[in-house]
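Participant: Please read through the structure below; I'll follow up with questions.
Each reported figure results from applying straightforward, stated rules to the coordinates on display, with no laboratory input. All values derive from a computational prediction rather than experimental measurement. So basically every Cβ, Gly included, is an ideal-geometry build from the backbone, and we count neighbours across all protein chains shown.
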Amino acid sequence: MAKSVRLKDIADRIGVSTVTVSKALSGQKGMSEALRERIHSLAGEMGYIPSVSRKAEAGTKNYTIGLIISEQYMDDYSSFYSRLHQQVSQLAMEKGCYSMLEILSTEAEEECRIPKLISDKKVEGLMIIGKLSEKYLETLKTQCEIPMIYLDFCYHTGNEDAVVADSYNGAYCLTNYLYEMGHRNIAFVGTVLSSGTITDRYFGYRKSLLEHGIDFKEEWLIPDRCEADKITDGSKFIKLPEKMPTAFVCSCDLTATVLIKKLAEKGLKVPEDISIVSFDNYIYPRLGDIKLTTYGVDSYEMGRNAVLNLIRKISKERYRQGVLILEGHMVEGESVKKIG
């Protein structure tokens, strides 16, 4: 019989304490996202099996959780959601549960078709990762009787359960940082009503401007997609203004990388000529070489809370109802220049 993998075996391979490994695998704070992901990855490679068998012996049910993600979020440039899916799947497994992923096509969303994993009754709870249309979500609510939770978006209807990042405070902190670096002419890049998170980031930006007595300029509010789209479309949007600001607050890192490319086409360099801050702390493949100053989203903690709340909701235990907002942190990169 093969020897079971212990926490100490994982700790020795990485060079950390068993306490650190235990905290990483149980979802506790106190380490960087990179270290947490490294521990999870190595645990999987070594065949570490979480001690969920004792729960099973005590009668705890192993649920099957359905994961729904729009196909628009699963291209090369939106793999932030691929990472969320991987983290959620791993976290569900550690809690003794299984997960099933169904990619929702644009056509199925428009026609409000119920996912097969729901119609075939294959899952006992549903997690929706990334924003879907209100019409589609209403259809799910009326036709699905299983517990649901939203991850990385919400609609603030008052009767939904969701886990989101602190977009409002994040954009507020980013704009304050630009002010501290001497910038007074600051634009915002993002389609304000395309999602609740971008709306919150816009108002965080506006709050900082108000507190510092900076006038808002309409021409410095730059869309990055149409309101119906889920991802940035730099070929149609992100039009540079005639009178340039000294800095841009971007709604996400993907928007920031597209903006940097457009600035380069005009002969403008970041941060020598223009400063940029953004949101997510996610490096998109094949896009840009500049380390962005950004607001880091703790995707692992978001996933952990979503999994725990959904399991408790399924089992009819007490859980954190409503919208749970998780703080992030500033990540200082190379995209901001101090001026003045």
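Participant: Test of understanding: extend the Cα→C-beta vector of LYS316 to 7 Å, then name every residue of the range 114-155 with backbone N under 18 Å from that spot.
Facilitator: Counting backbone N atoms under 18 Å from the label point, the list is 124-126, 145-148.
Participant: Full-extension gain between THR18 and ASN62, please, as 0.36 nm times their residue separation minus the C-alpha to C-alpha distance.
Facilitator: Net length gain for the segment: 13.2 nm.
Participant: How big is the chain on each of its three principal axes, counting only the C-alpha atoms and giving the largest first in Å?
Facilitator: Between the extreme Cα coordinates on each principal axis of the chain lie 68, 51, 35 Å.
Participant: Can you give me the angle between helix 253-265 and the longest principal axis of the chain, using Cα atoms only, in degrees from 0 to 90, rounded to the nearest 10?
Facilitator: So the inclination is approximately 30 degrees.
Participant: When the Debye formula is applied to the Cα atoms of the range 55-184, each taken as the same point scatterer, what base-10 log of I(q)/I(0) results at q = 0.09, 0.13, 0.22 Å⁻¹?
Facilitator: Calculated log10 I(q)/I(0) at the listed q: -0.34, -0.63, -1.38.
Participant: Follow-up. Across all directions of projection, what mean area in square nanometres is found for the Cα convex hull of the range 246-340?
Facilitator: Result: a mean projected hull area of 7.8 nm².
Participant: Using r as the Cβ-Cβ distance of LEU240 and ASP9, and R0 as 45 Å, what FRET efficiency do you calculate, to the nearest 0.05?
Facilitator: Computed FRET efficiency for LEU240 and ASP9 comes out at 0.25.
Participant: Binning at 10 Å from 0, report for the range 167-296 what percent of all alpha-carbon pair distances ends up in each bin.
Facilitator: 13, 50, 34, 3
Participant: Hey, rough spin-label estimate for GLU211 and ALA34, points 7 angstrom out along Cα→Cβ, what's it come to in nanometres?
Facilitator: About 3.0 nm, to one decimal.
Participant: Would you list, by chain and number, the lysines whose Cα falls below 22 Å from the Cα of LYS291, excluding same-chain residues fewer than 8 positions away?
Facilitator: Of all the lysines, those that pass the test against LYS291 - Cα under 22 Å, at least 8 places apart if same chain - are LYS261, LYS262, LYS266, LYS269, LYS337, LYS338.
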